[in-house]
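What follows draws every value from the coordinates through simple rules; no lab data is involved. The structure displayed is predicted, hence computed values, not measured ones.
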């Protein structure tokens, strides 16, 4: 083994290569023997070790920060946010259907009553207590949070016109105006709205409820809306109760930022 002096150690950058394991075996042993007796090389070793440790610490800190930023980054809405538009988008065909059935709506008798508003409030209270952040509509809240301002405005407009008005009216025409009376007699148009049978009451309420995110709350709502209709024999009473409930849900979603309720409209 040849001896290594200080000038050769400097020329070979021996201290750095020694710590990195890049010195050939013979030079490794020679430098090892040299730096024990060379204060300059020993000092260079300490400085190099400190530098390498600082570099490792900086890399670790950068990696930790990157992981934290990834954890804190906003999660993009599942399904590309399309689910948030699904139910409000029904507003367009439903409005078209209501326009086609406008003669039926205009022929209904409309009489104000506090009972209908209270019935709607009761349905709203039950629905709001059990339906927020359900698995079926939690993604609506995520999607709305990531929409641009214009997209949020359009979504809210569709939810108001469709979810709070058009869809409740159409559902009452279908479940109370048609199905509940069809279960009484085949010629349902001749059946008065106050005609009650347990079969029509239960089947129409259950059929309405199973289409809702929470079917128990949906069946309860169907029974309340049916009761509103049977009370005075007016389908318009059920419509008012339903629209009241949906309108309160819309108000809660927008005022309290509980956007998942938009999926319940």
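Details
- Percent RCO, i.e. relative contact order, over region 6-72, from Cα pairs under 8 Å lying at least 6 residues apart: 31
- A straight line joining the Cα centroids of region 237-251 and region 1-59 runs 81 Å.
- Reduced Cα scattering model of region 6-72, Debye log10 I(q)/I(0), q = 0.18, 0.21, 0.23, 0.28 Å⁻¹: -0.67, -0.81, -0.92, -1.18
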